[in-house]
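J.: Structure in structure tokens, see below.
The values are calculated or read from the model by the stated rules, or taken from the named source; none is laboratory data. Owing to the predicted nature of the structure, the values given are computational and were not obtained by experimental measurement. Here the Cβ positions follow ideal geometry from the backbone for every residue, glycine too, while neighbour counts run over all protein chains shown.
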Amino acid sequence: MRLVVCILFLFLATGCSNTPIDDGAQFGPFTQVKTLFTSAFLAETDEGVVLVDAGFSASAKQIGKALEERSLALSDVSDVIITHGHSDHVIGLEAFPSARVWAHEDEVARIEEEAAEGVEVTHTVVDGDTIAVGALAMEVLHVPGHTEGNLCVLSEGVLLMGDTAMSFKDGTVGPAPERYSEDPEAAAQALLALRDRLLDREETLEAVVFAHSGGLNDPAAFWNMAGN
């Protein structure tokens, strides 16, 4: 299963017209770390480093390098938030055995099946919960469709989308190609519902970022997504 998903997303990264991942890009408190063809996002707090998604087993090297540039180490990662349980987001959890692992309650079984033996989700969340690590508060938003327990994370004006959406070279934003989602129709509808849900925060949303493509410091394309 892991190999199949990895191969599929390799085609996603190399064969689609998504914008390229910008390794090291900064979005508010979060730094995008390219791990092969996906991304993890790290944020330093006064109580530890937060990681959103963990990539592959080999991703520890890229994440470790990004931490070293900040005079930090893998052992400084105190919390890992998993947007969803596909293998390219969870296999790397084995590098953080002491970290708290957060995920939507509907995604726990998938994550623990795809991750290395012994890896466990230690904390579950539901839509609207806030995860606080030091002074950094992160709201989790349940956006089902890509997977049942798929999450986005909103913090300090930055919306971390995971695989909920991608940015494309034609300047648009939309859901991942249908073949990569459990329920493509639900995924597309949930993405538009998320946009509508956040309309009252339009003035405070400064960036929208994605796991498999470049992020947007101007979220206009997110607000202008096609569909009703």
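J.: Conditions first: (1) at pLDDT 95 or above; (2) more than 18 Å from the chain's Cα centre (by Cα); (3) hydrophobic (A, V, I, L, M, F, W, C). A165 passes all but one, so which condition is the exception?
T.: Result: A165 fails condition (2) only.
J.: Here is a follow-up. Among (1) modelled with pLDDT of 95 or more; (2) under 26 Å from S98 (Cβ atoms), where does T172 come up short?
T.: Going through the list (1) modelled with pLDDT of 95 or more; (2) under 26 Å from S98 (Cβ atoms), T172 breaks only (2).
J.: Oh, and also: List the number of the failed condition for G134; all other conditions in (1) on the phi > 0 side of the Ramachandran plot; (2) touching a Phe, Trp or Tyr at 6+ places or on another chain (Cβ under 8 Å) hold.
T.: Checking G134 against (1) on the phi > 0 side of the Ramachandran plot; (2) touching a Phe, Trp or Tyr at 6+ places or on another chain (Cβ under 8 Å), the one that fails is (2).
J.: A further question follows. How many of the residues making up the range 93-108 are in contact (Cβ under 8 Å) with a residue 40 or more places away in the chain and out of contact with any strand residue (DSSP E or B) (no Cβ under 7 Å at 6 or more places or on another chain)?
T.: Kept after step one, since they are in contact (Cβ under 8 Å) with a residue 40 or more places away in the chain, are these residues of the range 93-108: 95-96, 99, 103-108.
Subsequent filtering for residues that are out of contact with any strand residue (DSSP E or B) (no Cβ under 7 Å at 6 or more places or on another chain) retains 95, 106-107.
Qualifying residue count for the region: 3.
J.: Still on this structure: Can you go through V153, V140, V158, V126 and tell me which one is more than 13 Å from the chain's Cα centre (by Cα) and among the hydrophobic types (A, V, I, L, M, F, W, C)? Can you show your working first?
T.: On the way: V153 fails: more than 13 Å from the chain's Cα centre (by Cα); V140 fails: more than 13 Å from the chain's Cα centre (by Cα); V158 fails: more than 13 Å from the chain's Cα centre (by Cα).
From the options V153, V140, V158, V126, the qualifying one is V126.
J.: Could you tell me which numbered condition A116 fails, if it satisfies all but one of (1) surrounded by 17 or more Cβ atoms within 10 Å (Cβ to Cβ); (2) touching an Asp or Glu at 6+ places or on another chain (Cβ under 6 Å); (3) within 15 Å of A54 (Cα to Cα)?
T.: (1)
J.: Show me the strands (runs of 3 or more DSSP E) found entirely inside the range 1-101 where at least 2 residues are modelled with pLDDT of 95 or more and under 21 Å from S213 (Cβ atoms).
T.: Counting at least 2 such residues, we get 30-35, 38-45, 48-52.
J.: Still on this structure, please answer the following. If a residue must be in contact with a helix residue (DSSP H, G or I) (Cβ under 8 Å, 6 or more places away or on another chain) and within 20 Å of V101 (Cβ to Cβ), how many such residues does the range 155-169 contain?
T.: In the first step, residues of the range 155-169 are kept if they are in contact with a helix residue (DSSP H, G or I) (Cβ under 8 Å, 6 or more places away or on another chain); the result is 159, 162-165, 167.
Within this subset, residues satisfying the condition of being within 20 Å of V101 (Cβ to Cβ) are 162-164.
Number satisfying all stated conditions: 3.
J.: Moving on. Considering only the range 109-119, I want to know if a residue exists there that is touching a Gly at 6+ places or on another chain (Cβ under 7 Å), without any contact (Cβ under 8 Å) to a residue 60 or more places away in the chain and not small (G, A, S).
T.: From the range 109-119, those touching a Gly at 6+ places or on another chain (Cβ under 7 Å) are 110-111, 114; that's our starting set.
With the extra rule that they be without any contact (Cβ under 8 Å) to a residue 60 or more places away in the chain, the set shrinks to 110-111.
Next, from what is left, pick out any that are not small (G, A, S): 110-111.
Yes.
J.: Ok, one more. Output the residues belonging to the range 119-132 that are aliphatic (A, V, I, L, M) and either surrounded by 21 or more Cβ atoms within 10 Å (Cβ to Cβ) or in contact with a helix residue (DSSP H, G or I) (Cβ under 8 Å, 6 or more places away or on another chain) (or both). If you could, list the steps in order and put the result at the bottom.
T.: In the first step, residues of the range 119-132 are kept if they are aliphatic (A, V, I, L, M); the result is 119, 121, 125-126, 131-132.
Selection gives V119, V121, V125, V126.
J.: In the range 157-165, is there at least one residue being of a type in the set (G, A, S) and surrounded by fewer than 22 Cβ atoms within 10 Å (Cβ to Cβ)?
T.: Step one: filter the range 157-165 for residues of a type in the set (G, A, S), giving 157, 162, 165.
Add one more test, that the residue is surrounded by fewer than 22 Cβ atoms within 10 Å (Cβ to Cβ), and what stays is 157.
The answer is yes, given that some residue of the range 157-165 is of a type in the set (G, A, S) and surrounded by fewer than 22 Cβ atoms within 10 Å (Cβ to Cβ).
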